[in-house]
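See below for the structure under consideration.
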Amino acid sequence: AGDIDSSGTFTTVKNQLNERGIVGCFCETDDTISLRDLSEKFSESWNATIIITADGKIGLTAPQPMSSPSARLGLPTPKEDQIILDSFEMTGVEFLSSSIKFKYNRNFNKGSWKTTEQIDSARALSDLGEAIIETVELPYVNHTSSASGVANDKHFFMRESRVVVTVGCEASFFKSLSVGNEIKLSHFRGLGSGFSDKIFRVIGKTLTAD
């Protein structure tokens, strides 16, 4: 993660994308599109997190490949005294789907999509009890296996069993974490009988000056 023109950071992101079977790069020559619009479309296309830094550069973080079972044993875990009292909140994901339809290979001259495919999940269909198809657009993806990889990533987070947890912790725990990192969380207010070393991926961090 970091500014893509900083030493070594672009290589790190490239390696993370390669490990997930995804190929991607971009060069924007159209001066009619703003840097903000460009970053939003690129984020949509690659399921990455892109920010515009204070000095006008682009910060890029790609989701890391799923860690091995042995690596998960050493994942950072907030201690009980690091979790702020009454800060735990849990919600369902914004979109649920049994299938995901994804459009890619965009023809920008004609304003149309050359390719549309669909991924179905029998398990998600059984869990939801009805067919729900969510459509996503990948404007900067032309590579077939890359489009499939991104669509599978997106569909993974559209399952009924996924939850979004917000928890307040002491800065000493979060300061070394980056978006995309995995952590283990135990909390009595988790689903069922509570979370016990449940693995979560960090999708955002917020700093408050309390």
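Just one of the listed residues (Tyr140, Tyr104) is aromatic (Phe, Trp, Tyr) and at pLDDT 90 or above, namely Tyr104. Annotation: of all residues in the stretch 165-195 being of a type in the set (Val, Ile, Thr) and under 18 Å from Asp86 (Cβ atoms), the one that is farthest from the chain's Cα centre (by Cα) is Val167.
What number of residues within the stretch 186-210 are more than 21 Å from Val93 (Cβ to Cβ) and modelled with pLDDT under 80? Before the answer, list the steps.
We begin by selecting, within the stretch 186-210, every residue more than 21 Å from Val93 (Cβ to Cβ); these are 186, 188, 193, 196-197, 207-210.
When the remaining residues are screened for being modelled with pLDDT under 80, the result is 207-210.
Number of matching residues: 4.
So, of the residues in the stretch 102-154 that are of a type in the set (Lys, Arg) and within 16 Å of Glu44 (Cα to Cα), which turns out to be farthest from the chain's Cα centre (by Cα)? The selected residue is Arg106. For the stretch 79-90, the set of residues classified as outside any loop (DSSP other than H, G, I, E, B), open to solvent by 80 Å² or more (accessible area, probe 1.4 Å) and farther than 13 Å from Glu170 by Cα consists of Glu89 only. Thr115 satisfies every condition listed in (1) open to solvent by 40 Å² or more (accessible area, probe 1.4 Å); (2) part of a strand (DSSP E or B) except (1). Residues that are assigned to a loop (DSSP other than H, G, I, E, B), among the acidic types (Asp, Glu) and either more than 20 Å from Leu85 (Cα to Cα) or in contact (Cβ under 8 Å) with a residue 40 or more places away in the chain (or both) do occur in the stretch 154-162, at least one of them. When Ser193, Ser126 are checked against the criterion of being of a type outside the set (Lys, Arg), over 20 Å from Lys103 (Cβ atoms) and in a helix (DSSP H, G or I), a single residue qualifies: Ser126.
Given the condition over 30 Å from Arg106 (Cα atoms), surrounded by 15 or more Cβ atoms within 10 Å (Cβ to Cβ) and of a type in the set (Phe, Trp, Tyr), answer yes or no: does some residue in the stretch 185-193 qualify? Working first, answer last.
Narrowing the stretch 185-193 to residues over 30 Å from Arg106 (Cα atoms): 185-193.
From what's left, surrounded by 15 or more Cβ atoms within 10 Å (Cβ to Cβ): 185-187, 190.
Going one step further and asking which of them are of a type in the set (Phe, Trp, Tyr), we end up with none.
No.
Among the residues that make up the stretch 168-185, is at least one of them in contact with a strand residue (DSSP E or B) (Cβ under 7 Å, 6 or more places away or on another chain), within 30 Å of Ala131 (Cα to Cα), modelled with pLDDT of 85 or more and of a type outside the set (A, V, I, L, M, F, W, C)? Checked against the condition, which is being in contact with a strand residue (DSSP E or B) (Cβ under 7 Å, 6 or more places away or on another chain), within 30 Å of Ala131 (Cα to Cα), modelled with pLDDT of 85 or more and of a type outside the set (A, V, I, L, M, F, W, C), the stretch 168-185 yields no hits at all. In the stretch 33-50, of all residues being surrounded by fewer than 19 Cβ atoms within 10 Å (Cβ to Cβ) and among the aliphatic types (A, V, I, L, M), the one that is nearest to Ser146 (Cα to Cα) corresponds to Leu38. Considering the stretch 145-177, the residues that are within 17 Å of Gly204 (Cβ to Cβ) and of a type in the set (S, T, N, Q) include one that is surrounded by the fewest Cβ atoms within 10 Å (Cβ to Cβ), namely Ser176.
Applying the selection to the stretch 163-182, what residues are in contact with a Pro (Cβ under 8 Å, 6 or more places away or on another chain) and free of Cβ contacts under 8 Å to residues at least 60 places away in the same chain? Matches in the stretch 163-182: none. A single entry from Tyr140, Tyr104 fulfils the requirement of being in a loop (DSSP other than H, G, I, E, B), touching a strand residue (DSSP E or B) at 6+ places or on another chain (Cβ under 9 Å) and either surrounded by fewer than 15 Cβ atoms within 10 Å (Cβ to Cβ) or aromatic (Phe, Trp, Tyr) (or both): Tyr140.
The values are calculated or read from the model by the stated rules, or taken from the named source; none is laboratory data. Everything numeric here is computed off the predicted structure, so don't read it as measured data. Methodologically, a virtual Cβ is constructed for each residue, glycine included, from the backbone with ideal geometry; neighbour enumeration extends over all protein chains shown. Note: accessible area is taken over every heavy atom of the protein model, side chains too, but ligands, DNA and RNA are not part of it. Shrake-Rupley method; radii C 1.70, N 1.55, O 1.52, S 1.80 Å.
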